[in-house]
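Working notes, structure below.
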Amino acid sequence: MSEHDGHIELERRVDSIVVGVRHRQHPEDGIESLMMSIRKLGLLQPVTITPDGVLVCGARRLEAVKQLGWRTLKVWVRSGISDELSRLLAQQDENEQRKPLTPLEQAALFRELQELMTEDGARRQEASRFGADGDSGEANGAGAAPAPRGHGDSRHQAAVAVTGKASYSLLQQISAIERVAADRGLPETVRKIAQAELENIERGGDVKPAYFTVLAAKELIAVDHTPLPAGPPTSEELEQLAREAQERLRQNRVRGGTKSKPKKTSSAHRSLRAFVLTWGDLDGWSRFYNPTEIASQIKANDWEMFERVLAETITFADEVRELRSAPISA
């Protein structure tokens, strides 16, 4: 047994690992090449389990060694996993969970599981450097780098495990609202608007409008320094500020920009060709960055810039999508 960075590595019987139904998403896909890799190089990267033996990461690796007839394999035992996530991962039947998760609970488990999957991917990437003769062809999966975006994306996998659906954008938007609500560097009114939107989501409200309302409120109050009510804001004042934020968002969509970061008027709008080339260059950009490294090293103002550009991009995309779907007038 060995211990690295809070993870305990040990041998575990294959048949003692609990695999929940949400991990059995066609694990046999591409299993032959993975088995060939394990025969040639061994299992470079152990699977990850909870202290109770519930599989967290490595369903395909586990299935491959089962088909190879292994009786035991190396595992990482990851401490600090919440009981709720352990129960979710251990489910053998979709109906086992007696009480449906609320949207905020889903978002919290999504963040926790994505972090674990990202750690697993980073360890696989590190392990792949020690494959025989640097062979990366058959090492895919045994100890290889994280899979390309799409079905191998940790966001996709975490969303499926938590909600049964592949979409993760709403879970990320809930997380963004929660960050605003918890950010004591923001004015209290902004945080209260975010908290009110979270409570509305818990009551069944839509996530996307709440997300954009909070972004607009943050701009309206924190950036534009809109005068705030004296003392703690009342529910009526919060509703009024939220309406103003929504109106600001609507105006921004019409103008195609924001008041806090206006478009440069010294140059004409760029051409469609420039637009296509710009986004063509960005296609697949996230494959070249390690989320764990970015999260641990990026400066606060640089991350705020990224989130601002991301929000502007989403707003622009929504406007274009709406215009593309509108009937063409004669």
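Worth pointing out:
- Residues that are open to solvent by 50 Å² or more (accessible area, probe 1.4 Å), over 19 Å from Asp206 (Cα atoms) and not in a helix (DSSP H, G or I) within the stretch 165-193 comprise Asp183, Arg184, Gly185, listed in sequence order.
- Where a residue in the stretch 289-314 is over 25 Å from Gly121 (Cα atoms) and touching a residue at least 24 places away in the same chain (Cβ under 8 Å) and its partner, wherever it lies, is in a helix (DSSP H, G or I) and open to solvent by less than 70 Å² (accessible area, probe 1.4 Å), with Cβ under 8 Å and at least six apart: Ala311/Leu215
- Asp120, sole failed condition from (1) of a type in the set (Asp, Glu); (2) open to solvent by less than 30 Å² (accessible area, probe 1.4 Å); (3) at pLDDT below 75: (3)
- Taken over the stretch 253-306, the criterion of being at pLDDT 80 or above, within 24 Å of Gly185 (Cα to Cα) and in a loop (DSSP other than H, G, I, E, B) is satisfied by Ile298, Lys299.
- Candidate set: the stretch 42-67, residues that are open to solvent by 20 Å² or more (accessible area, probe 1.4 Å) and either touching a Pro at 6+ places or on another chain (Cβ under 8 Å) or free of Cβ contacts under 8 Å to residues at least 12 places away in the same chain (or both); chosen: the one farthest from Arg155 (Cα to Cα): Glu63
- Identity of the residue in the stretch 68-102, outside any loop (DSSP other than H, G, I, E, B), at pLDDT 90 or above and touching a helix residue (DSSP H, G or I) at 6+ places or on another chain (Cβ under 7 Å), that ends up most open to solvent (accessible area, probe 1.4 Å): Thr72
- Answer from His7, His26 - the residue that is modelled with pLDDT under 60 and within 26 Å of the chain's Cα centre (by Cα): His26
The values are calculated or read from the model by the stated rules, or taken from the named source; none is laboratory data. Everything numeric in this text was worked out from a predicted model, so none of it was measured. So basically every Cβ, Gly included, is an ideal-geometry build from the backbone, and we count neighbours across all protein chains shown. Accessible surface areas use protein heavy atoms only, side chains included; no ligands, DNA or RNA. Shrake-Rupley method; radii C 1.70, N 1.55, O 1.52, S 1.80 Å.
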